[in-house]
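Scroll down for the structure; my scribbles are underneath it.
The values are calculated or read from the model by the stated rules, or taken from the named source; none is laboratory data. Remember, predicted model here, so these are calculated numbers, not experimental data. When we count neighbours, we look across all protein chains shown, and the Cβ atoms used for this are built from the backbone with ideal geometry, even at glycine.
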Amino acid sequence: MPDSGRSKSAVAPAVVLSVNGVSVSVIPGSTVAAAVCIAGAPTRTSVTGQPRAPLCGMGICLECRVTIDGTPHRRSCQILCAPGMDVRTA
Amino acid sequence: MNTHFQVVVIGAGPAGIAAATAAARAGHTVALLDDNPAPGGQIWRHGGHLPATAQARLAALRASSAVPFYGWRVIDHPAPQVIRAEHDAGCTDLDYDRLIIATGARERFLPFPGWTLPNVCGAGGLDALVRAGLPIAGKRVVVAGTGPLLFAVAGHLAAAGAKILAICEQAPLARLAGFAGGLLTSPSRLLQGAGFGFTARGARFHTSCWPVAAQGTTRLESVILRKGSREWTVPCDYLACGFHLVPNAELAELLGCRLDDGFVATDDLQQTSIEDIYCAGEPTSIGGVDLALIEGEIAGLAAAGNLPQARSLIARRNSMHGFVHALDRACALDPQLRQLARQETIVCRCEDVECGVLRAHDSWRSAKLHTRCGMGPCQGRVCGAAAEFLFGWTATSVRPPLFPALVSSLTAAIPQDPKENV
Amino acid sequence: MSEGWDVVIVGAGIVGAACAAECSSHGLRTAIVEASGVGSGATAAGMGHIVVMDDSPAQMALTHYSQDLWYGLSPSLTPSVEYDRCGTLWVAADDEEMDEVQRKHHVYAQAGVPTEILDSRSLAEAEPHLRQPLAGALLVSSDAVLYPPCAAGYLLQQAQHFGAHLHAPRKVVTAAAGKVVLDNGTELHAPHIVIASGADAVQLLPELPIRKRKGHLIITDRYPGMVRHQLVELGYLKSAHSVTTDSVAFNVQPRRTGQILIGSSRQFDSEDPAVHHGILSSMIERARWYLPSIPSLSAIRVWTGFRAATPDKLPLIGPWPGDETLFLATGHEGLGITTSLATGRLVADHLLGRKPEIPFEPYLPVRFSRSLAHA
């Protein structure tokens, strides 16, 4: 389970997924929103073209919507990373 | 899979955990739903340090017979005594004899120039993101807004290695001192707020202080803070900013429960205006963990028919109402915060509607229809609370789905077993 | 308080706003009364289509005339109105419906509306997300869509630019014999009163042959390019024209934003604004047959609205027998947005003594007066 600030546990292997084609490694239990932030990408582009990233962290603001494995508009702050996930931001 | 439960609890924060545990102990079949992958709600969010009370409560929940449904989001109530929840494998209807709504609260976000930049988050928002794996070690963070939440957040972020540059509380010091005085009568709340006078490794604590602008090109680079007539710029990586909490009362409203001033009205036993529907925790009043726990317990016992034991807790619950009022007063928002948004500052983030465009309207409905503010995927949860504060509009009108949901989740032919294909 | 006007219009939905714009811009001193907000009733609930329909020659004439008026107005419309001449595809599921496509093609041609017949393959190219194979479709490229509340707002602003005065929010208590009384006691005097309050018109004139016809709509999140035209099944006409039963018909519309509007449903005898899950479900199932990707789209909101329906599917536009000061502009059912501009023209034609550009007799309220006299 994520516990930022500590070194990675030797027991639980990192989860590797791809964000916009780039490989990202996260601590098990991390959400896709965290993976996108680690990748340095905004999660979405607003309707007038501004970069956006998660605001509320709890599934309310919908700024964290990304495309996961081909399905758009997924709330990444409430979805755990799975190995091999293909995440694309708008 | 069984889809009928005597008691269905929506929300697995402190109130929901207490309610589900109490109802299960009383011998009823209980379902506990939460849209997050793990229980705890916001204040006991999985992924960080949890106080001993939280660990004990979670352990008791796990040991109980309450059936967990995590990652399940309630989107509709398609028939009497039925709630519909969406989850990874599709959608399921659960029917109940009694329902307990423990949907908690969300942060109030106020717009100011630059608030839409990446890395400007809520206070609880940044905490949640860090618990969910966002690396914060070594990052410079300004915490701002109002309420004891700021201290809890600053403490947790500091423990995770963040450099807390400043904690900016918009309330004046005099008001906070009065509130802190009240806090001293309740040790657990003091702990919850990590105490006033907290300084995280050199963080400066300011009162009567708030952000007036966030600056940066593709992401946050600095924040301009104001206190009185003084303004100064703080280069930073994250701004964790939230202006207290607003109740998640949408499910209650959809079910027809009476609301008072945005909060769900409940009687002594936490029953709403609709028979067999109970509500506990933040949707009834913003009162923190201790109140949520006892309201949850009362609701769980009452829903399971154990009225004498439920009643025995009423006095203790009522004794906490002083805290609710004190918190309300302490977190009252300075009217100057209404002036932060400029004409071109975005208020509705989903549809990029600017403050100046909204000002031309005289009601939430008119603004919604003509500017589409509040018509986006957040369904007005972010901009509505802002508009209420900025313009005095009441932002209501709840319709299904309660959250954006798949069209397939709106059809009646829902398989009761989520493993079935539609 | 007492005011004198040339015309008072009751209702600032899109029809009332269109009437106000026409009257006001032609020199009539115009007052308009709105109980709630501009374009907030059926106008706000509808899809916003501008569609030529051929249920009857009179319906064809009115919708065609109005579609042309919208096209002429379109360069002046503000961006918030989102006018988009995306066209309509009347989709044929089988050969029998293709015969209907041929028939429509001929009827529309006779009425001066050019259309194109698409075969199965060209339809699939035009709309790749439609179920395949379908038999084909009729493309009406002159049809359009827009965002109704802002369209009503635009028309009302035009009216105000020419001096029209809006009383809102104000309920009309009585409207008769040249006097409109508001809920705050204000009296508006005019030789002409236009009732454009949709299904609520029966509150002022209980004997009006108007019934509420409830509809449901869903709006999705953004899927740019997924649907390019308004899509309607040929069975839509059967649904719209059933006078007694509840029905659903496939009707999907793209918004400029890339959001998709999914409809349609019709129910009589329901005044309950709550979403009816059974009807909603049927509507979705019907839509899914034509657009298999529909179930996997993210739906942001579901809502209902009430169309004002008359017994013969034509609106009431004209003098109300029994009160020479009253004029009706209501009963537009699902064609209020489409025919609002034509309605405004016909109303102004009557008040100004101008010759209308289309025959107006089929819409006259007097056509019901015999049955009303027996009521």
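Okay, here's what the table says:
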quantity: Criterion: out of contact with any helix residue (DSSP H, G or I) (no Cβ under 7 Å at 6 or more places or on another chain) and either surrounded by 21 or more Cβ atoms within 10 Å (Cβ to Cβ) or within 30 Å of B:PRO335 (Cβ to Cβ) (or both) - qualifying residue of B:LEU157, B:LEU173; calculated: B:LEU173
quantity: Condition check for B:ALA240: touching a strand residue (DSSP E or B) at 6+ places or on another chain (Cβ under 7 Å) and within 30 Å of A:SER46 (Cβ to Cβ); calculated: yes
quantity: Test set (1) within 14 Å of chain B (Cβ to nearest Cβ); (2) more than 30 Å from C:LEU364 (Cα to Cα); (3) part of a strand (DSSP E or B); (4) of a type outside the set (A, V, I, L, M, F, W, C) - C:THR304 fails condition number; calculated: (2)
quantity: Some residue of the stretch C:94-113 being crowded, with 22+ Cβ neighbours inside 10 Å and part of a loop (DSSP other than H, G, I, E, B); calculated: no
quantity: Some residue of the stretch B:74-92 being within 7 Å of chain A (Cβ to nearest Cβ), among the aliphatic types (A, V, I, L, M) and out of contact with any strand residue (DSSP E or B) (no Cβ under 9 Å at 6 or more places or on another chain); calculated: no
quantity: Top-ranked residue in the stretch C:248-270 [being over 18 Å from the mean Cα position of the chain (by Cα) and at pLDDT 90 or above; ranked as surrounded by the most Cβ atoms within 10 Å (Cβ to Cβ)]; calculated: C:ILE260
quantity: Tabulated pairs, the stretch B:34-49, first facing chain A (nearest Cβ under 8 Å), second of a type in the set (Val, Ile, Thr), C-beta under 9 angstrom, 6+ apart or interchain; calculated: B:ASP35/B:VAL74; B:PRO37/A:THR31; B:PRO37/A:ILE79; B:GLY47/B:VAL130; B:GLY48/B:VAL130
quantity: Failed item, numbered, when B:HIS325 is tested on (1) within 14 Å of chain C (Cβ to nearest Cβ); (2) outside any loop (DSSP other than H, G, I, E, B); (3) not β-branched (Val, Ile, Thr); calculated: (1)
quantity: Strands (runs of 3 or more DSSP E) fully within the stretch C:1-83 counting 1 or more residues that are modelled with pLDDT of 95 or more; calculated: C:7-10, C:30-33
quantity: Selection within the stretch B:335-360 - in a loop (DSSP other than H, G, I, E, B) and surrounded by 15 or more Cβ atoms within 10 Å (Cβ to Cβ); calculated: B:LEU340, B:ALA341, B:THR345, B:ARG349, B:CYS350, B:GLU351, B:ASP352
quantity: Pairs, first touching a residue at least 60 places away in the same chain (Cβ under 8 Å) and over 13 Å from C:VAL107 (Cα atoms) in the stretch C:58-69, second among the charged types (D, E, K, R) and in a helix (DSSP H, G or I), C-beta under 9 Å, six or more apart; calculated: C:TYR65/C:ARG345; C:SER66/C:ARG345; C:LEU69/C:ARG345
quantity: Residue under evaluation C:THR343, criteria (1) part of a helix (DSSP H, G or I); (2) in contact with a Lys or Arg (Cβ under 9 Å, 6 or more places away or on another chain), criterion not met; calculated: (2)
quantity: Odd one out for A:THR89 among (1) without any contact (Cβ under 8 Å) to a residue 24 or more places away in the chain; (2) more than 7 Å from chain B (Cβ to nearest Cβ); (3) surrounded by fewer than 21 Cβ atoms within 10 Å (Cβ to Cβ); calculated: (1)
quantity: Selection status of C:ARG288, without any contact (Cβ under 8 Å) to a residue 12 or more places away in the chain, under 29 Å from B:HIS87 (Cβ atoms) and among the basic types (Lys, Arg); calculated: yes
quantity: Where a residue in the stretch A:51-73 is at the interface with chain B (Cβ under 10 Å from one of its Cβ atoms) and its partner, wherever it lies, is in a strand (DSSP E or B) and among the hydroxyl-bearing types (Ser, Thr, Tyr), with Cβ under 6 Å and at least six apart; calculated: A:HIS73/C:SER298
quantity: Positions within the stretch B:321-345 being under 30 Å from C:GLN259 (Cα atoms) and in contact with a strand residue (DSSP E or B) (Cβ under 6 Å, 6 or more places away or on another chain), in sequence order; calculated: B:GLU344
quantity: Candidates C:ASP221, C:ASP272, filtered to the one that is within 14 Å of chain B (Cβ to nearest Cβ), outside any strand (DSSP E or B), acidic (Asp, Glu) and more than 27 Å from C:LYS104 (Cβ to Cβ); calculated: C:ASP272
quantity: Qualifying residues in the stretch B:379-395 (those that are outside any loop (DSSP other than H, G, I, E, B) and either within 14 Å of chain A (Cβ to nearest Cβ) or of a type in the set (D, E, K, R) (or both)) - the one surrounded by the most Cβ atoms within 10 Å (Cβ to Cβ); calculated: B:CYS383
quantity: Filter result (over 30 Å from B:PHE5 (Cα atoms) and buried (at least 16 other Cβ atoms within 10 Å of the Cβ)) within the stretch B:304-323; calculated: B:MET320, B:PHE323
quantity: Extreme residue, farthest from the other protein chains (Cβ to nearest Cβ), among residues of the stretch B:115-132 that are part of a loop (DSSP other than H, G, I, E, B) and touching a Gly at 6+ places or on another chain (Cβ under 7 Å); calculated: B:LEU117
